[in-house]
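Inspection log for the structure reproduced underneath, given as C-alpha cells.
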C-alpha cells in the first residue's frame, strides 16, 4: 500500500505517537495536547542526535530553547538542534503541538 492514515481523535492521552501509528520507518512524529499553562519535560536529543521541528496546531505557548523563550503558535515552526535543551509551555488556553524529528 502506498499510504496510511491515522485519526488522532482515536488516541487517548496527552502524547499521541503519530509516526508509530502510521508505521513510519524513518520519521519520528508526536502530537502533544497540553492543558492551560502545562509545561512539558525539559530535555535535549544529544543521545539520539535527532533534530526536531515544533509546530503549534491549536492554542499558543512558548518553547524555551537554551533558556530563550520563543513564541509557539499556529503557522510558526521552530527547529531545535540535538544539543539544545528545549521545553514547551502552554499558554492560558492550552496548546496542541506537533514534533517532527529525524536523525542524519
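In region 31-51, what residues are within 21 Å of residue 94 (Cα to Cα) and out of contact with any helix residue (DSSP H, G or I) (no Cβ under 6 Å at 6 or more places or on another chain)? Result: 32, 33, 34, 35, 36, 37, 38, 39, 40, 41, 42, 43. Taking the criterion of being out of contact with any strand residue (DSSP E or B) (no Cβ under 6 Å at 6 or more places or on another chain), closer than 15 Å to residue 95 by Cβ and modelled with pLDDT of 90 or more, would at least one residue in region 9-27 satisfy it? There is no residue in region 9-27 that is out of contact with any strand residue (DSSP E or B) (no Cβ under 6 Å at 6 or more places or on another chain), closer than 15 Å to residue 95 by Cβ and modelled with pLDDT of 90 or more.
Considered as a group, the residues in region 38-50 that are modelled with pLDDT of 95 or more and part of a strand (DSSP E or B) include one that is nearest to residue 79 (Cα to Cα), and that residue is 43.
Looking only at region 18-37, residues that are closer than 24 Å to residue 79 by Cβ and surrounded by fewer than 16 Cβ atoms within 10 Å (Cβ to Cβ) come to 6 in all. In the set (1) on the phi < 0 side of the Ramachandran plot; (2) without any contact (Cβ under 8 Å) to a residue 40 or more places away in the chain, residue 67 fails one condition alone, (1).
Among the residues of region 41-49, are any surrounded by 18 or more Cβ atoms within 10 Å (Cβ to Cβ), in contact with a strand residue (DSSP E or B) (Cβ under 6 Å, 6 or more places away or on another chain) and in contact (Cβ under 8 Å) with a residue 24 or more places away in the chain? Scanning region 41-49 turns up no residue that is surrounded by 18 or more Cβ atoms within 10 Å (Cβ to Cβ), in contact with a strand residue (DSSP E or B) (Cβ under 6 Å, 6 or more places away or on another chain) and in contact (Cβ under 8 Å) with a residue 24 or more places away in the chain.
The values are calculated or read from the model by the stated rules, or taken from the named source; none is laboratory data. These numbers come from a predicted model, not from an experiment. Please note: Cβ atoms are built from the backbone with ideal geometry, for glycine as well, and neighbour counts cover all protein chains shown.
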